[in-house]
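Every number in this text was worked out from the coordinates using simple rules, so none of it is lab data. Keep in mind that this is a model prediction, so the values were computed, not measured. Backbone-built Cβ (ideal geometry, glycine too); neighbour counts: all protein chains shown.
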Amino acid sequence: MTRKILILNGPNLNLLGTRQPEVYGRTTLADIEAMCAAKAADMGVEVTCYQSNHEGALIDQIHAAREVYDGIVLNAGAYTHTSVALMDAIVSASLPVVELHLSNIHAREAFRHKSFIAPVAVGQICGFGAAGYPLAMEALVSHLEGTS
């Protein structure tokens, strides 16, 4: 059975490549999605990527994932630091989630140090830029296979 991974990207990530490239790099979201598709092919898994600037749309995707996916890679962007609703959706979905950030949130402003996602995620990857996406995919599959 082929593993299925959902990659969710939150607010402002549609502007990657042009938004604060000194913080987030010059890689676009389309580049990241292509990178994830190539990594999925190498790993023998299926991947679906979704981005929204709207909290409710991300919650809807997490709810719907229960029936389709084995796990989620989530870059919730700023919602990481504000959204109890996303945290509750993750708990309700009962799927493993790897929290992902392009920048090292722990080396940035103090308000970014608090994550509502971390307590309900199987792990967190941050600070590796776009390279964090394939790392998160590997970590999630390792977790699913019980090898992490």
Kindly provide the set of residues from the stretch 25-54 that are out of contact with any Gly (no Cβ under 9 Å at 6 or more places or on another chain) and aliphatic (A, V, I, L, M), ordered by number. Ile32, Ala34, Met35, Ala37, Ala38, Ala40, Ala41, Met43, Val45, Val47
Could you list all residues from the stretch 1-28 that are charged (D, E, K, R) and loosely packed, with under 13 Cβ neighbours inside 10 Å? Arg19, Glu22, Arg26
Please go through the stretch 78-126 and give me each residue that is of a type in the set (D, E, K, R) and farther than 27 Å from Thr28 by Cβ, ordered by number. Asp88, Lys114
Answer with yes or no whether Ala38 is loosely packed, with under 14 Cβ neighbours inside 10 Å, in a helix (DSSP H, G or I), in contact with a Pro (Cβ under 9 Å, 6 or more places away or on another chain) and among the small types (Gly, Ala, Ser). yes
Got a number for residues in the stretch 45-58 being buried (at least 21 other Cβ atoms within 10 Å of the Cβ) and assigned to a helix (DSSP H, G or I)? 1
Answer yes or no as to whether Ala78 is over 12 Å from the mean Cα position of the chain (by Cα), farther than 14 Å from Lys4 by Cα and aliphatic (A, V, I, L, M). yes
